[in-house]
Amino acid sequence: MVKTDIGPPNYKLMLPEVITENYGKWKYHEILRPGVLRHVSETGDEVYTVRAGSPKLVSIDFVRDICDIADKYCDGHLRFTSRYNIEFMTPDKDKVEPIIEAVKKLGLPVGGTGNSISNIVHTQGWVHCHSAATDASPLVKAIMDELYDHFTNMKLPAKLRIAIACCINMCGAVHCSDLAVVGVHTKVPKVDHENLPKWCEIPTTMASCPTGAIRRHPDPTIKSVTIIEERCMYCANCFTVCPALPIADSEGDGVAIYAGGKVSNARRPPMFSRLIVPYLPNNPPRWPEMVAVIKKVVDIYAKNARQGERVGEWIERVGWEKFFQLTEIPFTEQHIDDYTVRSAVPGTFRTTTQFRW
Amino acid sequence: MVKTDIGPPNYKLMLPEVITENYGKWKYHEILRPGVLRHVSETGDEVYTVRAGSPKLVSIDFVRDICDIADKYCDGHLRFTSRYNIEFMTPDKDKVEPIIEAVKKLGLPVGGTGNSISNIVHTQGWVHCHSAATDASPLVKAIMDELYDHFTNMKLPAKLRIAIACCINMCGAVHCSDLAVVGVHTKVPKVDHENLPKWCEIPTTMASCPTGAIRRHPDPTIKSVTIIEERCMYCANCFTVCPALPIADSEGDGVAIYAGGKVSNARRPPMFSRLIVPYLPNNPPRWPEMVAVIKKVVDIYAKNARQGERVGEWIERVGWEKFFQLTEIPFTEQHIDDYTVRSAVPGTFRTTTQFRW
Amino acid sequence: MAEREIPLYDDLEKGPWPSYIKEIKRMAERNPAAKDLLGVQELCFKEKITHWKHGGIVGVTGYGGGVIGRYSDAPEKFPNVASFHTMRVNHPAGWFYTTKALRKLCDVWEKYGSGLTNFHGSTGDIILLGTTTANLQTCFDALIEIGFDLGGSGGDIRTPTACIGPARCEYACIDAPDIIHDLTMEFQDEIHRPRFPYKFKIKASGCANDCVAAIARADFTIIGTWKDSLRIDQNAVSEYAKDGFDIKTVVVDKCPTDALDWDGKELKLKPEDCVRCMHCINKMPKALRPGLDQGATILIGGKAPVIMGAYLSWVLVPFMKMEPPYTEVKELLRKILDWWDENGRVRERVAELIERIGLRRFLRAMGIKPVPQMVYAPRTNPFVFFD
Amino acid sequence: MAEREIPLYDDLEKGPWPSYIKEIKRMAERNPAAKDLLGVQELCFKEKITHWKHGGIVGVTGYGGGVIGRYSDAPEKFPNVASFHTMRVNHPAGWFYTTKALRKLCDVWEKYGSGLTNFHGSTGDIILLGTTTANLQTCFDALIEIGFDLGGSGGDIRTPTACIGPARCEYACIDAPDIIHDLTMEFQDEIHRPRFPYKFKIKASGCANDCVAAIARADFTIIGTWKDSLRIDQNAVSEYAKDGFDIKTVVVDKCPTDALDWDGKELKLKPEDCVRCMHCINKMPKALRPGLDQGATILIGGKAPVIMGAYLSWVLVPFMKMEPPYTEVKELLRKILDWWDENGRVRERVAELIERIGLRRFLRAMGIKPVPQMVYAPRTNPFVFFD
Ligand code: SRM
Ligand code: SRM
Ligand code: SRM
Ligand code: SRM
Ligand code: SF4
Ligand code: SF4
Ligand code: SF4
Ligand code: SF4
Ligand code: SF4
Ligand code: SF4
Ligand code: SF4
Ligand code: SF4
């Protein structure tokens, strides 16, 4: 019998010595240059961190490569950030340059700190998910190739967080990102009348539709369902419940773009991202239409926002009408909320740590 | 045959001469003292206005009394404001004092301008409405007796508008008032099984309940309905549709108090009022518990708000947690929104004239 | 019963605020209905419950609206208010009156009713408070005779209202009373003959101060505004400053969009950032004035909470010129009424209908292009229709 | 097919950002599944549609979670990814590793899988990307052998995550990695054996900057804060000022509650107005620090939009001390899980359940008193339950 439920390795055994020694004693930090942090402890100790970008989807060879660097310069320790970046830490200032060199040699960028665009939180896409309305990794690659300099420098008004999800399940924090790309369907599910009776329960399938678009087939001899087209907003919830309702479609699928979300409680409470482009076609391998919009919004934000303003804070100050004017993104019916299934109750909850005692 | 559809008298025929002469030409105004305005025209003309409080429910003798004043000092013209106050206008400065004297002689207060508490917008109550969960006129009288000085002076941080409605139909602008009192039921409707089948249609009655609390009577021989108690939030919508479901109750009925609403677009967009006291008993003729809360909130607002801050703006700045702390009003389950029938959609609509071109 | 003990309502004659009980008593001396009303009030105070019954349909010939039927649930005790209907009389726009007109009205009501009234009801009508079924028609005839007509009730257009506007207000960007009078005359049929799913209210305010609370209470809200820059008289600004008026704290710091700047000498405005909220003008009426390219913002959907929760009106047409004969606004109104009439369920206000089937459908039907000014912000959810 | 023409994916090796295609290709040289994955990618690029089928239930003995079953819809074309399941491996809290541990992991995955991974998945697991049904158990056994275990999937607690916290961050008000490690060990059963209506996520951030995006993504959110006043080192403040740092514009003017004042000499704080947003501390880390009476705010309900729309976590317990063995938070968590388990419908996250039946019922079940800190503002509608 193998053991089970052993849980993850104890993080304490994974810490570099300088971290163990100064755990909870850090006093302040500074960003020495993009991708390089210096944390100073109350004990007088210091730790230097070099942050490197990673494509998230990596081979074990890649992992071994970075282990080599960590073995050479960091006493065999490294960590990852909550956004897939790799962090090499050392108490020794002199090792910073060699680490940077070694990282660059692997073809990895150093940056992602301070007022930069850090790594893009993203998902599986066509690489692994059956739900995907678009891919994920290639979109990341296409955007980051274009915005590369914003990872390696810190010239934006504030942090800019991008997220990509290949369907509206939004694995990640798409719904609260400065900029986000989401895979969307725009055609109603095709009903597979042959398999539906075999694979799915009709009441459950009907109940899965938030807008009540699914009806029993009018012909009682057909044990299946039909979909009222004008009630469908392509959420794929029925497909999740019943595989006989495939919704993915070569022509209909594409991406939507959202903007203005944030998570931190700094200054303004967390905000949801909001729809800015309802639909752009899937155009592999580089989704140029999507990349162009992202680039444009970043440029206009960089030019117009005040120092310290996140994307959403900037838009809130100048108004959405100004945002659409500046970006020349057309404002359409789709931008106007009409999803009545959502109640107003959660909007009253205090979704922030900001409050007075 | 009588004529019909003649419409109201043409307002042009009702205007005092100085108004007709200077229509659309007013340049600026000042408040000379509480209840007295001076408007100056581009023509150099002036008009003085004396504003007097009224109980809204008046006798024709009262109307004749004020007509006497208007005949004596205002060339036979007068007007009412959107909050039931009476306005006497004259181009002649010297008539201001005599008008004030005459108004006071009728027992009417002069005031309601600027940073005052103007007249209370209110409704019929037990004087005329079958829906009433409380009365209206006596509540107004009780509050205004207590806050009288705030009508006749202008010492508050900003305008303070109070509204009273005798049921949640909220005839008036209760839902957007600085302070508001609303009649509420807190007992489920009593089903009159005898008359229900005669007076009401069962499907319509069931459909009228927003929370689905109304069910067919389990005994099929009884053509009536039952109510699931824990689903009922006492809205009386069923009673509006079906008189066999009386909801008014001597013990259960009472008032709730709301705060922080506003209508004007000045500075901040219009805001809804929010629940501060879920329930106080009906205690005629003067509802002392209710009056005490209103008075306390006004006092604390007057003491704590910054100059120019409406009640809602003040609370928004200091936070609701501070409001409850300062007023010592207990925060309860009832304050937390749980009305899921309301969708979030209207919250995204721009409910203000504030926007950029 | 009022004879035997000191009635509870007597207490309401005390205190400085004018007493409605005193008013009822004044009429009670000569009007039996008013006298019974006192009795009803006393009974209500004791039992803490209303004693009026669920309405009944009563009215005047040819109209369906304008009268609220009301019956006592204790007619044996209070025979003179056994039926006690109110008549809603449409006021002249802006609520200006000659005493002559008012006195005539009093005379009619002396004759046919309780002699009790509301000046005015919350919608803006003159409320003639309580008459019998028998008197309704004769009273109406007498009203017509002296030049008054009924307002709305039931599923019709309710009596439209306007702020005082240019009659006595320097802020007015539109002629609110004139627009409202014109619309009231135009829609007489729709006001008097209920045919819509529910009530429909129209209100006009001359500027964003919204002194008739239209945004909160009107299905169709007309609010004056301007397209160019507000006018600044720098000399007058200096006067304010000289008088010790704190321009920075009271005005500049409170501008919602930071559109103003005061360097101690000149008040500078970034017109593209001004959202015409009126605040600065309100505070310095001698120095600041609305711009000259004036018109209205049209908003839609305001209403009380029954049953989805309250709505504030929201922007439908950011800017519309407002010149007589107000053709554009009338056409829009007719389109809205027709669409609502066709699509609305019973007791569904226009806002609820729009929410239910989606603003996009409404905009299409109106032929209005969606613009960002209609919303505070775009949707957050990804549940998007592409039909 | 990749042989005959230049595949579309080749284009993704160009450009400065590190290429995931390059990574797949590296493995493709020696791993047939990785090679087929390239083919799948190419097919997807051409047909613009996914080629994976609706999942299947696969797993390891004794567990119900931790594996995502995945099958190709074109197994004839791509036999080596006919089944291509991912394993979610629970990371050590804070994502610190020794190279020793990582190399062992790589060796296991070299042997039993595609050699492709995600460091990390969006929840925070190490994602071992693609293996066969046959290899699942042996791979799992090997993982256990080297000291790793699976994370969650399905209706269970998902792999909890923490920011780096006190390990390398001066802002940490709680020991986020320690709390998360402790909770992960405590709830091993609930992580591995799905029994709940749906997923349940736990995340902890050391301070309000929320570097694991817990508010947006966790059903149960733990965020460090303090009850006393933040600490100010006035000398260090002066240093900033001397260096030309614009304290007024960058810090004071951006405080959300106007709690700070800077007169050019001293930075004054009204502690009762500070809502601990971290902004001033973020901008002047050498001068400002969190207070000393530290603990956590517990928030509940964050999640993605399916199907009611997204939720942000909201305040449940304004302040809770956080000392090992974290008994209070564990008890609360157990209570929540039990209540949700009992009342939740299938696929109903805890936020949706609370919304559906009312926060008041949830609070009662938890024995938590309602406080205004839980809401931005009280309700606007009058539809109030009094049960
Ligand atoms: C390493 C990491 C935590 C971890 O456990 O992995 C981290 C580390 C730090 N964060 Fe963070 N944050 C990290 C993810 C986040 C996230 C989550 C995310 O991006 O998904 C957020 C919330 C983002 C959002 O609001 O949408 C986040 C919001 C912040 C903020 C608030 C920024 C703001 O003003 O809104 C600060 C404060 C600041 O930067 O001034 C901050 C500050 C910091 C500091 C300065 C804290 C410190 O004193 O050490 C750290 C270095 C910052 C830097 O990169 O410049 N960190 N930080 C994460 C690095 C991710 C990456 O590789 O890019
Ligand atoms: C692997 C991962 C994406 C990634 O590339 O990183 C992922 C992948 C999937 N997610 Fe996710 N989710 C992943 C993190 C998330 C997150 C982010 C997080 O946990 O912080 C979210 C948003 C937060 C949340 O939970 O709400 C997320 C929200 C969803 C949802 C929507 C849930 C909702 O309540 O709205 C679904 C749909 C569902 O559960 O039916 C979903 C469903 C799925 C499924 C299982 C698809 C399905 O319906 O069966 C995906 C399997 C993909 C595959 O074939 O490998 N995934 N998913 C992430 C897990 C990796 C890990 O364990 O580290
Ligand atoms: C006479 C009247 C219009 C009418 O057609 O009858 C009127 C008249 C004026 N209003 Fe008003 N308002 C009148 C009801 C309103 C209402 C509606 C209501 O109270 O139901 C509002 C919206 C209230 C709200 O926001 O909840 C209203 C919000 C304003 C404001 C905005 C105040 C604010 O800062 O929020 C101003 C500007 C100001 O006072 O600085 C204003 C300003 C004015 C000015 C100064 C306009 C002018 O230049 O003449 C007028 C005299 C003000 C005074 O009383 O101090 N008026 N005003 C109404 C008098 C009601 C009464 O008897 O008290
Ligand atoms: C008389 C008046 C109150 C007053 O004392 O001033 C009044 C009285 C009644 N209103 Fe009202 N409403 C009056 C102005 C309003 C207003 C204010 C306004 O028009 O500006 C509102 C809020 C705005 C709105 O329309 O939403 C208002 C919202 C309601 C509602 C809730 C409608 C909703 O959609 O939420 C009802 C319920 C209904 O229609 O079933 C209602 C229903 C009623 C009824 C007809 C009761 C009923 O259900 O049959 C009341 C008759 C009372 C009686 O016996 O005299 N009354 N009612 C007001 C009309 C006077 C006038 O014509 O000038
Ligand atoms: S976002 Fe959708 S398609 Fe992408 S991994 Fe998550 S569930 Fe799959
Ligand atoms: S995709 Fe969504 S809206 Fe369309 S039928 Fe399926 S469940 Fe209903
Ligand atoms: S608020 Fe209610 S009780 Fe009062 S008049 Fe209006 S409908 Fe009647
Ligand atoms: S009072 Fe309202 S909630 Fe209660 S049963 Fe009647 S309609 Fe339903
Ligand atoms: S709404 Fe504007 S124009 Fe009309 S009275 Fe009020 S301040 Fe004057
Ligand atoms: S009108 Fe309002 S928005 Fe415009 S400048 Fe004045 S205060 Fe600012
Ligand atoms: S959340 Fe706070 S404590 Fe944790 S890493 Fe970010 S800044 Fe540091
Ligand atoms: S932590 Fe935030 S709220 Fe507190 S003083 Fe600093 S900036 Fe203001």
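FYI, it's all coordinate maths here, none of it is from the lab. Given the structure is predicted, the values throughout are model-derived calculations rather than measurements. Cβ: placed from backbone, ideal geometry, glycine included. Neighbour counts: every protein chain shown.
Summing Cβ point charges (Lys, Arg +1; Asp, Glu -1) relative to the Cα centre of region B:138-266 gives a dipole of roughly 400 debye. Ordering D:A33, D:G66, D:L8 by the projection of their Cα atoms onto the charge dipole of region D:1-88, which places +1 on the Cβ of Lys and Arg and -1 on the Cβ of Asp and Glu, puts D:G66 at the extreme positive end. Among B:S224, A:S118, A:S273, the order by Cβ neighbours within 10 angstrom, fewest to most, reads B:S224, A:S118, A:S273. Peptide B:102-110 has a mean of 1 when you count, residue by residue, the C-beta atoms of other protein chains within 10 Å of its C-beta.
Between A:L106 and C:K22, the modelled labels are 8.9 nm apart [label points 7 Å from Cα along Cα→Cβ]. Applying the Karplus relation 6.51 cos²θ - 1.76 cosθ + 1.60 with θ = phi - 60° to region A:316-331 yields 3J(HN,Hα) values of 4, 5, 8, x, 5, 4, 5, 4, 5, 5, 5, 7, 6, 6, x, 8 Hz, where x marks Gly and Pro.
Counting only DSSP beta bridges with both residues in chain A, what percent are antiparallel, rounded to the nearest 5?
Working: 34 of 40 bridges.
Around 85 percent of the beta bridges assigned by DSSP in chain A are antiparallel ones.
Quick one: divide the alpha-carbon radius of gyration of region C:305-371 by 2.2 N^0.38 Å and tell me what you get. After normalising by residue count via 2.2 N^0.38 Å, the value is 1.19.
I need the peptides D:44-55, B:186-197 ranked by packing, meaning the mean over residues of other C-beta atoms within 10 angstrom, with the highest value on top. Could you put the intermediate results ahead of the total?
Details: D:44-55: 19.5, B:186-197: 17.7.
With the highest mean Cβ count within 10 Å placed first, the list reads D:44-55, B:186-197.
Cα centroids of region A:306-348 and region C:173-223: 30 Å apart.
Do the sum for the protein assembly as shown: with -39,500 (n - 2.57) for every DSSP H run of n ≥ 4, divided by all residues, what is the mean residue ellipticity at 222 nm, to the nearest 500 deg cm²/dmol? Walk me through the intermediate numbers first.
On the way: 45 runs with 424 residues, N = 1488.
Result for the protein assembly as shown: -8000 deg cm²/dmol, rounded to the nearest 500.
Think of each Lys and Arg Cβ as +1 and each Asp and Glu Cβ as -1; about the Cα centre, that makes the dipole of the protein assembly as shown roughly 60 debye.
Mind putting a number on the dipole of region C:1-126 about its Cα centre? Charges go on the C-beta only, +1 for Lys and Arg and -1 for Asp and Glu, and I need it in Debye to the nearest 20.
Values: 17 positive and 15 negative charges, 79 e Å.
With Lys and Arg at +1 and Asp and Glu at -1, about 380 debye.
From the alpha carbon centroid of region C:33-63 to that of region C:331-383 is 38 Å.
Take the cross-link list A:K105/D:K46; B:K25/C:K303; D:K35/D:K199; C:K303/C:K335 and give me the ones stretching past 22 Å between alpha-carbons. Don't skip to the end; give the middle numbers.
Values: A:K105/D:K46 33 Å; B:K25/C:K303 33 Å; D:K35/D:K199 33 Å; C:K303/C:K335 20 Å.
Correct reply: A:K105/D:K46; B:K25/C:K303; D:K35/D:K199.
With a ≥ b ≥ c the root eigenvalues of the C-alpha gyration tensor of region D:1-97, is it rounded (a/c under 1.5), prolate (a/b larger than b/c) or oblate? The shape class here is oblate. Residues of region B:191-207 with an amide N closer than 18 Å to a point placed 7 Å from the Cα of C:R345 along the Cα-to-Cβ direction: B:201-207.
For chain D, the spread of Cα coordinates along the three principal axes comes to 72, 60, 42 Å, biggest extent given first.
Each Cα pair under 8 Å and six or more residues apart adds its separation to the average, and for chain B the resulting relative contact order is 13 percent.
Among the listed pairs D:K270/D:K321; D:K254/D:K286; A:K3/D:K111; B:K295/D:K254; C:K242/D:K242; B:K56/C:K201, those with a Cα-Cα distance over 27 Å are B:K295/D:K254; C:K242/D:K242. Given the options B:V121, B:V345, B:V182, state which has the largest fluctuation in a GNM of chain B using a 10 Å cut-off (strictly under) for Cα springs. Highest fluctuation among the options: B:V345. Between A:R350 and D:V315, D:V375, D:Y376, the built amide H atoms are under 5 Å apart, and every one of these is 5 or more places off in sequence or on another chain. The alpha carbon gyration tensor of region B:100-140 gives principal lengths a ≥ b ≥ c with a/c of 1.5 or higher and a/b no greater than b/c, which makes the shape oblate. Round to a whole angstrom and tell me the spacing of the C-alpha centers of region C:237-312 and region D:126-159. The distance from the Cα centre of region C:237-312 to that of region D:126-159 comes to 62 Å. Taking other Cβ atoms within 10 Å as a rough exposure proxy, B:T353, B:T134, A:T205 sort from fewest to most as A:T205, B:T353, B:T134. Using Cα-only point scatterers and the Debye equation, what is log10 of I(q)/I(0) for region D:111-210 at each q in 0.23 Å⁻¹, rounded to two decimals? Summing over Cα pairs of region D:111-210 leads to -1.24.
Taking Cα atoms only, the orientation of helix A:137-152 departs from the longest principal axis of chain A by about 40 degrees. With R₀ set to 35 Å, the beta-carbon distance separating B:E251 from C:A365 gives a calculated FRET efficiency near 0.10.
Report the net charge of residues surrounding C:V81, where surrounding means a beta-carbon distance below 15 angstrom and charges are Lys +1, Arg +1, Asp -1, Glu -1. Write out the running numbers ahead of the final one.
Working: positive: C:K35, C:K53, C:R70, C:K77; negative: C:D36, C:E42, C:D73, C:E76.
Every neighbour counted, the sum reads 0.
In percent, rounded to a whole number, the relative contact order of region D:2-96 is 19, using alpha-carbon pairs under 8 Å and six or more apart.
What is the fewest-to-most order of C:R345, C:R231 by other Cβ atoms lying within 10 Å of their Cβ?
Numbers: C:R345 11, C:R231 14.
The fewest-first ordering by Cβ neighbours comes to C:R345, C:R231.
In terms of its C-alpha gyration tensor, the protein assembly as shown comes out prolate, because a/c is 1.5 or above and the ratio a/b outweighs b/c. For chain C, the relative contact order comes to 11 percent (Cα pairs under 8 Å, sequence separation of at least 6).
Peptide C:268-275 shows a mean partner chain C-beta count of 3 within 10 Å per residue C-beta.
I'd like the mean, over residues of C:310-319, of how many other protein chain beta carbons sit within 10 Å of each residue's own Cβ.
Mean inter-chain Cβ contacts per residue within 10 Å come to 6.
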